[in-house]
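What follows is one structure encoded as structure tokens, with my remarks underneath.
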Amino acid sequence: MWFEFAGLARQCCATRQFLHFASYALQTAIQQHHLWQHPTPAIHLSSTTAAQPATLPLIERRLEPGERVIARLQTDLDRQLRFQNGLLVLTTRRLLALEESQEEAGQIRDWALAEIESLELEEMGATGALHLMATGQPGGSHWRFTAGCIREADAFVACVMDHRGALLSGNPPVESQTAEPDVDDEGLDFSDLVRDSQRGNPLLRLLMFSRPWLPLIALGLVLTVAATSASLLSPWLTGSLVDAVLIPIQTQSQALHVQQITPYAIMLLGTALLAWLLKWGRSFVVARIAELVTSRMRRDLFEHLQRLSLIYFNKKRTGDLISRISSDTDRLSMFISLSFIDFVCDVFQFVFTALILFKIHPLLALVALGPVPVVAWLVKCVRVHLRSCFAASGRAWGIMLSVLTDTIPGVRVVKAFAQEEREIERFRQTDHHVYATNDRVNRTWSFFSPMIEMFTDLGLLLIWIAGAWTVAHGEIRVGVLTCFIMYTSRFYGRVEAMSRFFASAQRAAASAHRIFEVLDVKPDMPSTEGTQRIGRLSGRIEFRDVKFRHGARQIIRGISLDIAAGEMIGLVGASGAGKTTLINLACRFFDVSGGAILVDGQDLRDIHVEDYRKNIGLVLQEPYLFFGTISDNIAYGKPDASREEIIAAAKAACAHEFIMRLTDGYDSMVGERGQQLSGGERQRISIARALLIDPAILILDEATSSVDTETEREIQRALDNLVHGRTTIAIAHRLGTLRNANRLVVMEHGLITEIGSHDQLLNTSGTYARLHQAMLEVSHT
Amino acid sequence: MKTPAAHPDLQRSSVGALAYTDVTGKRHDKVLPVRLFPLTDPNRWISITDLQGQELACIEEVDGLPDDVRKILLETLAERDFVPVIQVIHTIRHAELGCEWCVTTDRGQTRFCVENDESVEALGGGNVVVIDQHNTRYRIPDLAALDAKSRQKFERYY
Ligand SMILES: Nc1ncnc2c1ncn2[C@@H]1O[C@H](COP(=O)(O)OP(=O)(O)O)[C@@H](O)[C@H]1O
Ligand SMILES: [Mg+2]
């Protein structure tokens, strides 16, 4: 018997075969998770099916000879803001508009380019509008669309106006200039989305993820099968013992001695020892696989998170990400170590026990298998339910952690406003949510699990009845029946274990899904990742009609500014004007939505991001220090900096003095987020950190706003020396901070309104003069 | 604090925009009404701002306005309002970026993509806001009032 199993195990040992087998087993056993593999929806969305450029041919048929389509814009709302598709097409001569409506197949209107007086894009809250003014048409024409189309609309308007301008000025555009903006590049075409959504069952992906450890998994499997086979031997031996020794002794039919038991006993002991050894090896190997896989998963997750852009983190809750990295991977580890290999082993046992049962007595085996279809049906029913319960439970956990990561760092504010009770209540609620979702799982499970047991007990009862009958008719001997019953109870043990597996598989699938969801987020620098490697830049920055949107809202509305290498620019403007956004663009935390930023004449999007950031020293308004010593924090951007460099940077940032006074000097721990230091001290350390990397471009975003005037003056003096030889962009509200700036740039509502030196701007009596006046008034009162 | 004027003096200007005359008699040719609580209390607290976003007046109670003013105000608001109310959820399924929703709203059928779990917010009392990939808001005013199938689909995912 054992050899039979071993032979099979050897066969499965061939790794590829194993994978094949395992994935097949998984696939068939778990069937298809409806959750991840929905059939295509039955309903047909007239709006989205029409969103395909299927309407374009309609327009193309209307073109005059020689007329060509230059650009097109898909709109998705009608004028009453109902979802309805429309199409605007710019050709070499005209602007055509196709409106789809329920009643008509599509009505086309057109304007010659020369008739167009203006075409303007207006943001109207969550939607956008295009207003067309044409000669002889008093009210104008209007189109509406959702925020998803605004970028394209912007490009389209630019394209139309360019084209019209070129046409009117008498130089019809050259063919090559009329590039078609990529209208169906984003948002509009849902077909890609649907295709990509079939990323497959998360458990299969987990298996794929585990590929590097296949040899180990195969070993685990072999050990599992061997251990199982060893334990399967004992009923067989027991059966033989009963029939060959015990019953003859009892019935005295043969002159047998009790000592005949000895070889059986030794063999039973041997199998027990063997099973113990094999199980020991198996548990160890399987647990190691689980840890290896999930440790790699955690690392991959963290690595992946580090590559994601700021936009992603703006949207995500920290607690949720933490729960994915910690508790979801932990659940997977439990699943792999406790359930997965066991399941494979259970399947083996299930199949082989069934075979043995049939070999012993086919009819009895048939009776024994009776409850199996019922159990299978039950499992199927409960699975759908469990699946959503587990997903909800994972989310609830994430929400709870989010509350923690929100309140614990904010504990000062909580205490200051005496809102402890409220936070306790908030946590209580989220915790209750966790409780409730887990309770839902348990309610289902506590009902379901005994139910399976009941069916298996029922099965055993059937066997006893049928067995008694067969024994009575002399068909089998009592020993065979004993052996049969032992196998059957084992068999049901497997059935129960497998049904438990389906539950834990649902939990694992939910967790795996949450993990792969993060891993599937593309590092979303929207355009291509730059490849151009660069060394040290000279620091010339050119903004060319830069535009930027957050969703539908345009934050930067077209900024052009040329900053020479080594120049210091002071950026002023009311808060909310878009200053921080502008430097975020300059650091390439976000990509521009229009125009371009060039450094040393190269488009920022072509440059390798990390190379570029090595050239940037950034000091933020809210300095963030990491857990560690002061010198670690100063050397954050250049871990191999010498002590000398660290001290020089600290001196330059006027931090040296106060660091000296600390008990541990540069070795002082700053605490989490630098909480053991004052705001001004943190600020100075972050300035030192930026200076240490000797950046070609220094960016100070209200860097000195939280230090006292005295310290600011000191830092100012330090900066005076340091801005030499590097391009500096400094944002400050205290205008005095910017007295060394070569030029001051005033921003308002995402536009530059004034540029000039301090004196020039004072004389123009514009915004800057007003700000200056206001500041003087404040300091005089 | 109540606004001093009994009701703000709103008119429709010749170009069709909303115009406002303030207490000093100064006329603003184009003003924008802004709902201050668009999700939780859309019909009260409406601010009248100029194009730079400076508040000129604030209306607490729309119902208290004279009919003509209210009509103009609501019309202008309707031009800018876009928070479709989800009536039926056909499917929600995992897509490349988060979940793809396929719904019928009070503004017709549509599909949209919801990137994160965080984009589905419960505002309390069964009032749920769904924010799609492009920052468009969709509302489910009362989850309990949704038909059972839609609610099931919603609950399976959120
Ligand atoms: N992540 C974001 N999503 C949406 N809007 C944002 C985001 N970050 C900033 N904004 C908006 O962009 C505008 C400009 O912000 P910012 O550049 O920080 O102004 P400041 O000039 O004070 O530095 C503000 O009105 C702000 O509300
Ligand atoms: Mg700022």
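Taking interchain pairs and intrachain pairs at least six residues apart, which have beta carbon atoms under 9 angstrom, with the first residue in segment A:304-318 and in contact (Cβ under 8 Å) with a residue 60 or more places away in the chain and within 18 Å of residue A:610 (Cα to Cα) and the second assigned to a helix (DSSP H, G or I) and within 15 Å of ligand 1 (Cβ to nearest atom)?
A:305/A:312; A:305/A:313; A:310/A:584
Could you tell me whether any residue of segment A:447-462 is in contact with a Cys (Cβ under 7 Å, 6 or more places away or on another chain) and open to solvent by less than 80 Å² (accessible area, probe 1.4 Å)?
The answer is no, given that none of the residues of segment A:447-462 is in contact with a Cys (Cβ under 7 Å, 6 or more places away or on another chain) and open to solvent by less than 80 Å² (accessible area, probe 1.4 Å).
Note down all Cβ pairs under 7 Å where the first residue falls in segment A:572-591 and is near ligand 1 (Cβ under 6 Å from one of its atoms), the second is part of a loop (DSSP other than H, G, I, E, B) and at pLDDT below 85, and they're at least six residues apart or on different chains.
Note: no pairs meet the criteria.
Determine if segment A:317-335 includes at least one residue that is open to solvent by 50 Å² or more (accessible area, probe 1.4 Å) and within 16 Å of ligand 1 (Cβ to nearest atom).
Checking segment A:317-335: at least one residue is open to solvent by 50 Å² or more (accessible area, probe 1.4 Å) and within 16 Å of ligand 1 (Cβ to nearest atom).
Looking at segment A:650-743, what helices (runs of 4 or more DSSP H) fall wholly within it and have at least 2 residues that are within 41 Å of the chain's Cα centre (by Cα) and either crowded, with 21+ Cβ neighbours inside 10 Å or more than 16 Å from ligand 1 (Cβ to nearest atom) (or both)? Walk me through how you get there before you give the answer.
On the way: elements: A:656-661, A:679-692, A:709-722.
Hits in segment A:650-743: A:679-692, A:709-722.
For segment A:294-314, how many residues are within 12 Å of ligand 1 (Cβ to nearest atom), within 14 Å of chain B (Cβ to nearest Cβ) and either of a type in the set (A, V, I, L, M) or open to solvent by less than 50 Å² (accessible area, probe 1.4 Å) (or both)?
Looking only at segment A:294-314, we keep the residues that are within 12 Å of ligand 1 (Cβ to nearest atom), and these are A:309-314.
Then drop every residue that is not within 14 Å of chain B (Cβ to nearest Cβ), which leaves A:309, A:311-314.
Next, only the ones that are either of a type in the set (A, V, I, L, M) or open to solvent by less than 50 Å² (accessible area, probe 1.4 Å) (or both) stay: A:309, A:311-312.
Matching residues across segment A:294-314 total 3.
Can you spot a residue in segment A:591-600 that is within 14 Å of chain B (Cβ to nearest Cβ), within 22 Å of residue A:312 (Cα to Cα) and away from ligand 2 (no atom under 16 Å from the Cβ)? So that I can check it myself, show each step before the final result.
Here is the first cut: in segment A:591-600, the ones within 14 Å of chain B (Cβ to nearest Cβ) are A:593.
Those left that are additionally within 22 Å of residue A:312 (Cα to Cα): A:593.
Add one more test, that the residue is away from ligand 2 (no atom under 16 Å from the Cβ), and what stays is A:593.
Looking for residues that are within 14 Å of chain B (Cβ to nearest Cβ), within 22 Å of residue A:312 (Cα to Cα) and away from ligand 2 (no atom under 16 Å from the Cβ), one finds at least one in segment A:591-600, hence yes.
Which one of these is of a type in the set (Asp, Glu) and assigned by TED's automatic domain parsing to the domain that holds residue B:62: B:75, B:118?
Selected residue: B:75, the only one of B:75, B:118 that is of a type in the set (Asp, Glu) and assigned by TED's automatic domain parsing to the domain that holds residue B:62.
Which of the residues belonging to segment A:664-682 are farther than 15 Å from residue A:708 by Cα and modelled with pLDDT of 85 or more?
Selection gives A:664, A:665, A:666, A:667, A:668, A:669, A:670.
Would you confirm whether or not segment A:372-387 contains a residue that is touching a Gly at 6+ places or on another chain (Cβ under 9 Å), within 14 Å of chain B (Cβ to nearest Cβ) and open to solvent by less than 70 Å² (accessible area, probe 1.4 Å)?
No, segment A:372-387 contains no residue that is touching a Gly at 6+ places or on another chain (Cβ under 9 Å), within 14 Å of chain B (Cβ to nearest Cβ) and open to solvent by less than 70 Å² (accessible area, probe 1.4 Å).
Just wondering, is there one or more residues in segment A:536-552 that are free of Cβ contacts under 8 Å to residues at least 40 places away in the same chain and within 14 Å of chain B (Cβ to nearest Cβ)?
Yes, the conditions are met somewhere in segment A:536-552.
Inspect all residues belonging to segment A:762-770 and state whether any of them is under 30 Å from residue A:632 (Cα atoms), outside any strand (DSSP E or B), more than 16 Å from ligand 1 (Cβ to nearest atom) and of a type outside the set (Gly, Ala, Ser).
No.
May I ask you to say which residue of A:238, A:251, A:224 is among the β-branched types (Val, Ile, Thr), under 26 Å from residue A:343 (Cβ atoms) and more than 16 Å from ligand 1 (Cβ to nearest atom)?
A:224
For residues that are surrounded by fewer than 18 Cβ atoms within 10 Å (Cβ to Cβ) and within 16 Å of ligand 2 (Cβ to nearest atom), tally how many sit in segment A:560-579.
Within segment A:560-579, residues that are surrounded by fewer than 18 Cβ atoms within 10 Å (Cβ to Cβ) and within 16 Å of ligand 2 (Cβ to nearest atom) number 3.
If you go through segment B:48-69, how many residues are within 14 Å of chain A (Cβ to nearest Cβ) and buried (at least 16 other Cβ atoms within 10 Å of the Cβ)?
Here is the first cut: in segment B:48-69, the ones within 14 Å of chain A (Cβ to nearest Cβ) are B:49-54.
This time we only want the ones that are buried (at least 16 other Cβ atoms within 10 Å of the Cβ), so: B:49.
Within segment B:48-69, residues that are within 14 Å of chain A (Cβ to nearest Cβ) and buried (at least 16 other Cβ atoms within 10 Å of the Cβ) number 1.
Among the residues of segment A:294-320, count how many are at pLDDT below 90 and aliphatic (A, V, I, L, M).
Residues flagged as at pLDDT below 90 and aliphatic (A, V, I, L, M) within segment A:294-320 amount to 4.
Do the conditions hold for residue A:618, that is, is it within 16 Å of ligand 2 (Cβ to nearest atom), outside any helix (DSSP H, G or I) and touching a strand residue (DSSP E or B) at 6+ places or on another chain (Cβ under 6 Å)?
Numbers: within 16 Å of ligand 2 (Cβ to nearest atom): yes; outside any helix (DSSP H, G or I): yes; touching a strand residue (DSSP E or B) at 6+ places or on another chain (Cβ under 6 Å): yes.
For residue A:618, the condition - within 16 Å of ligand 2 (Cβ to nearest atom), outside any helix (DSSP H, G or I) and touching a strand residue (DSSP E or B) at 6+ places or on another chain (Cβ under 6 Å) - is met.
I'd like to know if segment A:597-606 contains one or more residues that are within 16 Å of ligand 1 (Cβ to nearest atom) and at pLDDT 85 or above. Walk me through how you get there before you give the answer.
First pass over segment A:597-606, keeping only residues within 16 Å of ligand 1 (Cβ to nearest atom): A:597.
Right, trim to at pLDDT 85 or above and you get A:597.
Yes: one or more hits.
Please report, ordered by residue number, the strands (runs of 3 or more DSSP E) entirely within segment B:92-158 with at least 1 residues that are at the interface with chain A (Cβ under 7 Å from one of its Cβ atoms) and open to solvent by 60 Å² or more (accessible area, probe 1.4 Å). Explain how you work it out, then say what you get.
On the way: elements: B:99-105, B:108-114, B:120-122, B:128-131, B:137-140.
Hits in segment B:92-158: B:137-140.
Against the condition surrounded by fewer than 17 Cβ atoms within 10 Å (Cβ to Cβ) and under 22 Å from residue A:308 (Cβ atoms), how does residue A:585 come out, does it pass? I'd like the intermediate steps shown before the answer.
Numbers: surrounded by fewer than 17 Cβ atoms within 10 Å (Cβ to Cβ): no; under 22 Å from residue A:308 (Cβ atoms): yes.
Criteria not met by residue A:585.
Mind counting the residues in segment A:544-570 that are more than 27 Å from residue A:312 (Cα to Cα) and not charged (D, E, K, R)?
Of the residues in that region, 9 qualify.
To keep it simple, each residue is scored yes or no on (1) away from ligand 2 (no atom under 16 Å from the Cβ); (2) within 21 Å of residue A:737 (Cα to Cα); (3) aliphatic (A, V, I, L, M).
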{"site": "A:658", "(1), (2), (3)": "yes, no, no"}
{"site": "A:667", "(1), (2), (3)": "yes, no, no"}
{"site": "A:670", "(1), (2), (3)": "yes, no, yes"}
{"site": "A:673", "(1), (2), (3)": "yes, no, no"}
{"site": "A:695", "(1), (2), (3)": "yes, yes, no"}
{"site": "A:704", "(1), (2), (3)": "no, yes, no"}
{"site": "A:709", "(1), (2), (3)": "yes, yes, no"}
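Looking at A:557, A:477, A:553, which is the one that is more than 16 Å from ligand 1 (Cβ to nearest atom) and either under 31 Å from the mean Cα position of the chain (by Cα) or not assigned by TED's automatic domain parsing to the domain that holds residue A:705 (or both)? Even if it seems obvious, please write down each step before you answer.
Numbers: A:557 fails: more than 16 Å from ligand 1 (Cβ to nearest atom); A:553 fails: more than 16 Å from ligand 1 (Cβ to nearest atom).
Just a single option satisfies the conditions, and that option is A:477.
Does residue B:83 satisfy the criteria of being surrounded by 15 or more Cβ atoms within 10 Å (Cβ to Cβ), of a type outside the set (Asp, Glu) and not in a loop (DSSP other than H, G, I, E, B)? If you could, list the steps in order and put the result at the bottom.
Details: surrounded by 15 or more Cβ atoms within 10 Å (Cβ to Cβ): yes; of a type outside the set (Asp, Glu): yes; not in a loop (DSSP other than H, G, I, E, B): no.
Against the criterion (surrounded by 15 or more Cβ atoms within 10 Å (Cβ to Cβ), of a type outside the set (Asp, Glu) and not in a loop (DSSP other than H, G, I, E, B)), residue B:83 does not qualify.
Is it the case, given these coordinates, that residue A:516 is under 25 Å from the mean Cα position of the chain (by Cα), within 16 Å of ligand 2 (Cβ to nearest atom) and either touching a residue at least 40 places away in the same chain (Cβ under 8 Å) or in the same structural domain as residue A:677 (by TED's automatic domain parsing) (or both)?
No, not satisfied.
The values are calculated or read from the model by the stated rules, or taken from the named source; none is laboratory data. Keep in mind that what you see is a predicted model, and the values were worked out from it rather than measured. Reconstructed Cβ throughout: ideal geometry from the backbone, glycine too, with neighbour counts over all protein chains shown. Accessible surface areas use protein heavy atoms only, side chains included; no ligands, DNA or RNA. Shrake-Rupley method; radii C 1.70, N 1.55, O 1.52, S 1.80 Å.
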